[in-house]
Each structure stands twice: as C-alpha cells, then as structure tokens.
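Presented below is the structure to which this report refers.
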Amino acid sequence: MNRFTFVLAVAMSAGLVAQQAEPGMTVRARQVIDGRGGVTNNTTVSIKNGKIVSVGASSAAPTIDLGSLTLMPGFIDTHVHIGWHFDDKGRYHSGPEPAEQAALYGAENAYVTLMAGFTTVQSVGALSDKVLRDAINRGVLPGPRILSSLGQISNEKWTPDQIREQVRRLKGEGADLIKIFASASIRDGGTPTLSQEQVDAACGEARAQGLRTLVHAHSPESMLRSARAKCTQVEHGGLANAEALKALADGGIYFDPNIGLVTQNYLENKARYLGIGNYTEEGFASMEKALGLRGPMFTTALKTPGLKIVMGTDAVAGAHGQNAREPIERVKTGQKPMDAIIGMTSLAAQSMNLDKQLGAIAAGLNADLVAIEGDPLQDITALQRVRFVMRNGKVYKR
C-alpha cells in the first residue's frame, strides 16, 4: 500500500469521506438565504438523489433540523491554486515533486476548503489538479467540486498561432477553462506582458473551443486588452482605473478583484516565501504598496454601473480554508452583504456557466448547502462559522 492509498484509507475509516447520499431527505432552517437575493424564514428544503426538489414551508418533521442556523447555497471561489502548499520545512514548495506527494497536499487543501463551506472552486491551475479533480468527482475523496485550467498561457514570446495551439492542447488534456497571464505579477509592477494580438488569439481560440477564459491583469492596459478580446473574466485589477473597469462592465466581463486574502496571506507568511522566485524584499514592498491601493480600486469598482463582481481569492499556500476572508474584506470596504453573498453563489456560478446546476437554493439545482452560525446580512463574519456542509446531497460536516 503506497502513502496515498494509506492516507485515503485512514481518512475513510475516520469518517472524513461522506457516505452515499440518502435517496430522499429534508433540511429545515430558521433562515434561508437563497443566493439570488431572497430570504425566507422557517423553510424546508427537500432533496432527492442529490438534487433540490422543493423549497418552502412544511409542517412535517425534517430529516435534518438546523435550528437557528442560517442555510445558504454552497460557497463558490472562482480563483484558487488548490495544489500550492508549504513543504515539510515550512517553506513554499515551487519545484517538481513526486505525484503522490502533490496529490496528498492537494487533497489536504481540498478538504479544509470544503470544511470552510466552499463546495465549488476554480483552480488556475496546474496539470496536477486533474487527478485531484477526477478523484473528488468519483467520490473517493472529500473536497469541493474543482474546475481547472490545468496550466496557463504566459509565454510572452509565443506567436498567436502558438497560443492557439496551446489552447487546443489544454482542451485536449481536459481543461475546463483557459488561464491567461496578460500582465506581470504585482511584485514585478503589474505591467502588460501580452500584446493585443496575443490576448485576442488566446480568448478567441478559447471561445472557438467552447472554453471560458480567466485573465490575470493588474494594469489598466492589460484589462483593456482583455475587454477588447472579449475574454470571460479578469482577475486582480490591482492598478485598475475607472476606464478599465467601465470597459469590463460594457463588455459584460466578470471582475474578480482579490482584495481580502491573497496579499494579506503572502505578508503573513513572508518568511515562508522570501527568497523563492520573485518573492524578494522588493516584491514584498510592491505588494504592501499595492495593498493600500485596493480599497480605492474596489470602491471605484462598486460605483461602476453594470460591473459583475464575482468572488475569488487567489488562495495559495497558507490561505486554503480561509477563503471567507475575501467577502468579509469586501463588505468592510463598502460592498453590501447581500451583493457579496450573491458574488460567491449565483453570480459566481453564472460566471462558470454552472448557474443551471449550482449557486442557489432552488428546485432542480444540485443540493450544495451550507449552514452558518449567525446572520451574514447583519454580521458578515458569520461566513467563517460554518457548522454544516452538504455537496450533491451528501453531508460532509454536521
């Protein structure tokens, strides 16, 4: 028995992998926030074969009575790096590693993410995501539903034809979407790295292949190039201005600003990253400076008419399971609590073309349910007090 099989067997024997979903059950809670802006009280959700069949009042005794907890749709994080981890010396692991080791660290990250109430994540992304994604889908590992890019478009020297070829290759390997680096890291100034022609090739070929695109873009120009190329979603926008944000809104492009977790996590774990790659003193100074710009940028984003702001964290090593810090920070910076909740449920599902399956408590959708202690409309930090987690009708935390 190899290490991976041994750890999986221990996890299953400890009850960490949920049992098969019951054919039918009911769940009742004092308050239900449906993910689409609606709130009801003393509501029962009926579930059959992993799907929600009805939502409403019922006098019958429920299978699961959540009492005073608030019931919500399973949370969605549109941007994580599920395999990123610290090694056995406590340092960020950035190099090659045995496949079984990568799988185990990824499984650990997936488990703590699920226990935090996130039943779906989008990992962008590494080829090692594939085995983890598929194992979770088979039901042999506890974790959130994973969509992955399995890699990225980042080579500044590639021609448009080479970029198109890479998009086709990633699709052939099973990618759910295409990740594109259109700008440098904020540690390197966030300047544009791909030309308009290159971004056009990446997003255009992805559309032709039926894939969505998610673009790393910090500078206004890289965001504008993404808007002109009709990409699906733009990440970060650390240096965004009103013109770039309006261009995204006008193009119907989703925006995920990542203001509440990723940079804070880097700074909190500086000693674990420092000296690896571009994690230099200068790079950390750039991140601290950029952190101060994110509040004003997000305020401008909130004032941009029609801008579709979804919730993603860019969770890396040290951040997995802390995903709810992102919406909490967004609310502290001025977003309405209900808008933050919609951004991590129905709007996030819409951005991933999963709104017919996920993102709300409604008949016909998957039974992905989370219950928290408290009312997040009054105290957004309640999102961190997860007491119940169900995915596809299976209870993973109770």
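Can you flag which of Lys356/Lys397; Lys171/Lys246; Lys246/Lys356; Lys89/Lys130; Lys48/Lys394 are past 21 Å Cα-Cα?
Numbers: Lys356/Lys397 25 Å; Lys171/Lys246 31 Å; Lys246/Lys356 28 Å; Lys89/Lys130 26 Å; Lys48/Lys394 11 Å.
The answer is Lys356/Lys397; Lys171/Lys246; Lys246/Lys356; Lys89/Lys130.
Top to bottom by accessible area (1.4 Å), largest first, where do Arg391, Arg164, Arg187 land? Walk me through the intermediate numbers first.
Details: Arg391 15, Arg164 75, Arg187 35 Å².
My answer, sorted largest first, is Arg164, Arg187, Arg391.
How much accessible surface area, in Å² rounded to 10, belongs to the heavy atoms of Lys130 with a 1.4 Å probe?
Using a 1.4 Å probe on the heavy atoms, I get roughly 70 Å².
Explain nothing, just the number: relative contact order of the chain, from Cα pairs under 8 Å at least 6 residues apart, as a whole percent.
That works out to 21 percent.
What aspartates and glutamates could a cross-link reach from Lys157, if we take a straight Cα to Cα line under 17 Å and drop same-chain neighbours fewer than 8 places away?
Output for Lys157: Glu165, Glu197, Asp200.
The values are calculated or read from the model by the stated rules, or taken from the named source; none is laboratory data. Because the structure is a prediction, the values reported are computed rather than measured. Please note that ligands, DNA and RNA were not included when accessible areas were found on the heavy atoms of the full protein model with its side chains. Shrake-Rupley method; radii C 1.70, N 1.55, O 1.52, S 1.80 Å.
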